[in-house]
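Here the structure is laid out as structure tokens; the discussion comes afterwards.
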Protein chains: 2
Amino acid sequence: MDFGAFLLSLGTSALIFVVLMLLFAWLSRRPGNVPIYYSNRILKGMEPWEGTSLTRNPFAWIREAFTSSEQDVVNISGVDTAVYFVFLSTVLGIFALSSVLILPTLLPLAATDDSLKSKSRNATETVSKVTFSQLDNLSMANITKRSPRLWAFLGAVYWVSLVTYFMLWKAYKHVSRLRAQALMSADVIPEQFAILVRDIPSPPNGQTQKEFIDSYFRRIYPETFYRSLVVTENSKVNKIWGNLEGYKKKLARAEAVFEETKNRPTNKTGFCGLVGKQVDSIEYYTELINESVGKLEAEQKSVLAEKQQTAAIVFFNDRVVAALAAQSLHSQMVDKWTVTEAPEPRQLIWKNLKIKLFSRIVRQYFIYFFVALTILFYMIPITFISAITTLANLQKAVPFIKPIVKITFIRTILESYLPQIALLVFLAILPKFLLFLSKAEGIPSVSHAIRAASGKYFYFSVLNVFLGVTLAGSLFDNLKALEKKPNSIVTVLATSLPKNATFFLTYVALKFFVGYGLELSRIIPLIIFHLKKKYLCKTEAEVKEAWYPGDLSYGTRVPGDMLILTITFCYSVIAPVILVFAVIYFGLGWLILRNQALKVYVPSYESYGRMWPHIHTRILAALFLFQVLMFGFLGVKEFIWAILVVPLIAISLVFGYVCRQKFYKGFQHTAVEVACRELKQSPDLEEIFRSYIPHSLSSHKPEDHQFKGAMSRYQDYAAISAA
Amino acid sequence: MDFGAFLLSLGTSALIFVVLMLLFAWLSRRPGNVPIYYSNRILKGMEPWEGTSLTRNPFAWIREAFTSSEQDVVNISGVDTAVYFVFLSTVLGIFALSSVLILPTLLPLAATDDSLKSKSRNATETVSKVTFSQLDNLSMANITKRSPRLWAFLGAVYWVSLVTYFMLWKAYKHVSRLRAQALMSADVIPEQFAILVRDIPSPPNGQTQKEFIDSYFRRIYPETFYRSLVVTENSKVNKIWGNLEGYKKKLARAEAVFEETKNRPTNKTGFCGLVGKQVDSIEYYTELINESVGKLEAEQKSVLAEKQQTAAIVFFNDRVVAALAAQSLHSQMVDKWTVTEAPEPRQLIWKNLKIKLFSRIVRQYFIYFFVALTILFYMIPITFISAITTLANLQKAVPFIKPIVKITFIRTILESYLPQIALLVFLAILPKFLLFLSKAEGIPSVSHAIRAASGKYFYFSVLNVFLGVTLAGSLFDNLKALEKKPNSIVTVLATSLPKNATFFLTYVALKFFVGYGLELSRIIPLIIFHLKKKYLCKTEAEVKEAWYPGDLSYGTRVPGDMLILTITFCYSVIAPVILVFAVIYFGLGWLILRNQALKVYVPSYESYGRMWPHIHTRILAALFLFQVLMFGFLGVKEFIWAILVVPLIAISLVFGYVCRQKFYKGFQHTAVEVACRELKQSPDLEEIFRSYIPHSLSSHKPEDHQFKGAMSRYQDYAAISAA
């Protein structure tokens, strides 16, 4: 790709961004669009915007984002979101600090050397002609081999690494404090009073699972055990409950239609309402609901009595004891009575709870193996796409498109966007699949499964996208060269890095201009919302469902950012211009997502920043990759002091180890000193207990909460309220 | 070494053993020797032997050893000793079960083949003449290459492995139950009420370390915290106390001499009592004692007030809470307030407690590195010794000794014992050094340090002795062969294994006949005791010191047994005769040590079987080495189905992983269900607390226990006694 194509691509992206931003400024002020642009505030019962007038400054959101404090984010969107912003600002800091020193020194050094020109002069002698653009003059590719200027590049590797260590250390400390503060909260957090117990052995004869669990914990914690909730096999009751909820919605819809049109709506009873007998909808659904309620009650009873599983949630009346219990070995045989902190009620993956320890381990390894296979097999199409979509290669492969490609405009467009779009589409399919796999590992909570999926996605994207694209292009080019003399993988990678610099620059630019433009303007959700509202929605609930925004979904966002981060690290010294793009990416991301977090997205769970250790490790992994590649690349430049990168690699490993030792366990468990703060009010344990009962099992009459079987009776409660 | 030499060596050893055993039967019945042969029983206040008459059967000890139950061992010598017997009987079981199938099948198969004979026939063609004895005819060396008989040997590898898995699984379960039962004890175990807290941060201004610790734990455990004992810097007070105790002993001695001789003893005050002024001993030491008591009291005050360190032992009034607290993260920053279960008071390595977490980690890695170096440098002399002490090599190196060596008797003796004795002496120097290194890691308890040293010793002995001897001999022989064609390490090892079979057979025989003979007869302690009693001891305390037996010292015993175990595993299929020797070794060991454990040795600490996971892992490591070597050796025999050993290697790894997952944590921590059993009586917390005060700090007047400064005042005690 030549420099013109690059500039054009950049220009187009910037234009799209400006258009989307103006669109946002205009659209977000129209009252009809309020649920799309201020959904979180509405759900929290706040005014959509603080100034009441619609005539306010269209760019006020920028000021609002900048003036919002971290505490605001925690209050409105939770600790996890705040941690995501710590991530963005840390990375922004790393790249900003890096560029302060690197840009003014390395760019002039590269620009004033002339390795490429002299190569071009000798180009007639070499086999394949290499094209170089103006951009390449600013990169390390333009430095002569064995030049003393390489000292500056070596120094830059050190500078980037040191800045990263410093920022990461600060960030880990900060996040650790953030987590501790949230956990110290004087408000009652239900999951702090509960632990999750799995791998419960079979009860002795004559005892139910429930009685067995209660007696076990009552003996150990005679004063602090409150009650237990045995996990049950709910698939059937869930289905009945799902049907019931569906009928209720349909009834509400039928009633709304009736009110509107004054005609009693009808529907067919067969498949999808398309075949079968025509019936009166309101009567039909009312009847179905009555029938389902009966079935539900019968099934609820049978579930509680007969379908008890080998897992339970155990409640304590003291959060220090719960924190202690969640961290302590209960049974002499480690694979019995395994305990963990209870996840939030909304996060529980109910059907995973009963899976036994060794089954979980086997599943985990099996899935790791399967994911490794997936990564390998995805590599094949990606390699193919990236090789094909280089126009030069395309022409070689399909000669008849040459005339089309000759038209400058089409050529430029194709060259600029084709590979990147192919990549983006490709990566969009994967996350759900990885999340499905992670859940199959037997992980008990949603946030944990998302972290696991996110990790897999990171390794996937770094291995396939970054290394894949880099290597594949160069392998395709150098296939013949390789046949002649075998090269080590690091050397091949290092040699092919500079050639792909422009590709990745364009990729980053596309991501931030178009990606963040779409993010801010929310064009697609807006259109869908208006279409649904106009043609489909009949009831209030349906309208709300149409605009409900979902969460920030950092499970896929973080690996995406991580890919950018990895690319930027690896090019930060080779083609320092990328630092500018990265600073824009993370800066813009911070600004726009701050707005979205404060006003749009609704967090769907809270894990108190447990994502951070994963983020930290992966930033370090990216740094590690960068250092290894730079070692290789300085080696390719025949610079013997490349050896000085080796201590840096060792420091990265030690740094990672020290951070893990110092911080990690604080994220894995709730520290006791954190759990022992006083509460504002004594906790309503019955309410905490009830929050863990699945919807499908909770009674529809509020006074009817005297569960038998799987749930123990009210007790010790008076004592606690008195305390 | 030829077969004659081997038989001679065996015969001599057996003779020595019989002599030592008869000596034991005779000596142990003489009343004057009772403290040497029944020391543990005396210290426990029991009769030396049950039958009162001295005319009892001289071999009654054998019956007593066989009829003693595991519970007897636990009662008399503790869980650790019982676990050591589980180890012996497990290994005995493994080898006995293995030999049941292996000896009747493999020996005839090997004896009826004729690979060696045919080789000998061709010997004129080969460069170096290989000598083979009758023993070698019974080994795998006698099997022709690619023979179908190798299937039987492959099967034997499977049989040995399966037997080992089965026995290890059973043993781990058994030991786990043993540990749980001991920890469930209804007696008060002081360390179950305490935790060890290290890495305590500096107290805020105006607070002492002590106040800071108390307020921290009182906030977290308002009802169960009892009091704390801050670790102090005791080196000076220990020195004063040591001097004081020395003076007391000398005074008692002087008084005893005075009583005996009616002459007031005198001594010189200078260096070692050799120079200086002549003084009256009784007056002199009385004066010194009075002076020291004053100094001690002053120093005790200053230690408690000013020398508080960043570690403490914290006491709870509930052992469930102590067990929970010892396993739980206390501070959000993992490197602050680190907790572990408190070791027994007598086990505490007081001066290590103050070492900080990261310092401990650094020390640990540094020492690992240093030990690795030691292993390498010890390898050099051992290699040299083992190469030299093969007579054939000795002759090559020092030609003038040839005439001496020609004398058959000397030759035989030299050939039989020289290498083995060199090895034994060599190995005797090491353990203390490794224990010193392990303590320098910052480990808080003696038993833990001993485990760490024992692990190092195991790797040392396997790497140096077993692999070293095997490899070195063959390298020395094959130096020229190696120069011609490079071989892989496993192949070299596998080829040289059969040649060293006789060496190791002799080594094992020497160990059990002479080693256990000396062990049982206790000739050396007996002689030392009588000499001391006659010429040195003046007071009762001195006599007791002279016969005090010490503990079983399994820290060095286990690695020694492990070496035998490793050797036996590796030869079990190659030269199955070794199984007979191993069965005798472990059987005899069990019998003789049972006697010693019940009657002689006094355990110096109790770790409730925490040694077992280490033993287990190392047995598995030995099995793993065996499997890898057999893979190599079957490969050397050009048997293509050698590949079938690979799944076995994988199974070993999985087995190790599963055992670790299922059992290990139960050894690392006290399981809560184990700690929650009811006690026979409510614990005397003040006594528990006092048991942790170092001798040098405890007051000499019993009523004077109101420590200020480092020890908190009596409190909450009334509440507990009332409960």
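The values are calculated or read from the model by the stated rules, or taken from the named source; none is laboratory data. Bear in mind that the values here come from a model prediction, so they are computed numbers and not experimental data. Here the Cβ is made from the backbone with ideal geometry for all residues, glycine too, and neighbour counts use every protein chain on show. The area values use the complete protein model at the heavy-atom level, side chains included, leaving out ligands, DNA and RNA. Shrake-Rupley method; radii C 1.70, N 1.55, O 1.52, S 1.80 Å.
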Check: Any idea what the residue B:542 label distances to the other copies are, label 7 Å down the Cα→Cβ vector, nm, shortest first?
Finding: 10.6
Note to self: Counting only protein heavy atoms, probe 1.4 Å: which residues of the range A:673-689 lose 30 Å² or more of accessible surface in the full assembly compared with their chain by itself?
What the structure shows: A:673, A:676
Next item on the list: Compare the peptides A:202-209, B:369-376, B:21-28 by average per-residue count of other Cβ atoms within 10 angstrom and give them in order, highest first.
Entry: B:21-28, B:369-376, A:202-209
Checklist line | From phi via Karplus (6.51, -1.76, 1.60), per-residue ³J(HN,Hα) for the range A:320-331 in Hz, x at Gly/Pro | finding: 5, 4, 4, 5, 5, 5, 5, 9, 10, 5, 9, 10
Notebook entry, point to check: Once amide H atoms are placed 1.01 Å from N in the peptide plane, what residues at a sequence separation of 5 or more from residue B:309, or on another chain, have their amide H within under 5 Å of its amide H?
Noted result: B:231, B:232, B:233
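Pairs of Cα atoms under 8 Å, at least six residues apart: use those to get the relative contact order of the range A:209-284, whole percent. Intermediate values should be presented prior to the final figure.
Working: 50 pairs, mean separation 13.2, N = 76.
Once divided by the residue count of the range A:209-284, the mean separation gives 17 percent.
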Checklist line | Cα centroid separation - the range A:249-267 against the range B:669-696, whole Å | finding: 73
Note to self: Give the B-A buried accessible area in Å², both sides summed, 1.4 Å probe, nearest 100.
What the structure shows: 3500
Checklist line | Cβ charges +1 (Lys, Arg) and -1 (Asp, Glu), total dipole of the range B:543-623, debye | finding: 80
Check: Can you list the HN-Hα couplings for the range A:245-256, worked out from phi with the Karplus curve (6.51, -1.76, 1.60; θ = phi - 60°), rounded to whole Hz and with x for Gly and Pro?
Finding: 4, x, 4, 4, 4, 5, 5, 4, 5, 4, 5, 5
Checklist line | Amide H contacts under 5 Å for residue A:29, placed H, 5+ residues apart | finding: none
Notebook entry, point to check: Which whole number gives the average count of other chain Cβ atoms within 10 Å of the Cβ atoms across peptide B:180-188?
Noted result: 1
Next item on the list: Apply the Karplus parameterisation 6.51 cos²θ - 1.76 cosθ + 1.60, with θ equal to phi minus 60°, to every residue of the range A:207-223 and state each ³J(HN,Hα) to the nearest whole Hz, in sequence, with x for glycine and proline.
Entry: 10, 7, 3, 4, 5, 4, 4, 4, 5, 4, 6, 5, 5, 6, 10, x, 9
Margin query: Using a loss threshold of 40 Å², tell me which positions in the range A:319-334 are less accessible in the complex than in their chain alone. Probe radius 1.4 Å, ligands and nucleic acids ignored.
Written below: A:324, A:327, A:328, A:329, A:332, A:333, A:334
Notebook entry, point to check: Distances from residue B:208 to the same residue in each other copy, label points 7 Å out along Cα→Cβ, in nm, shortest first?
Noted result: 5.7
Item checked: In the range A:150-226, the GluC sites (Glu not before Pro) that fall in loop regions by DSSP, at most 15 other Cβ within 10 Å -> A:223
Margin query: Measuring from the axis that superposes chain A on chain B, report the chain A residue with the minimal C-beta distance, rounded to whole Å.
Written below: A:324, 2
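Keeping all protein chains in place, calculate the accessible area per residue for the range B:183-313 (probe 1.4 angstrom), answer in Å².
Numbers: 6610 Å² over 131 residues.
Value for the range B:183-313: 50 Å² per residue.
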Check: Taking amide H positions as placed 1.01 Å from N in the peptide plane, with prolines and chain starts having none, which residues 5 or more places from residue A:607, or on another chain, fall under 5 Å of its amide H?
Finding: A:80
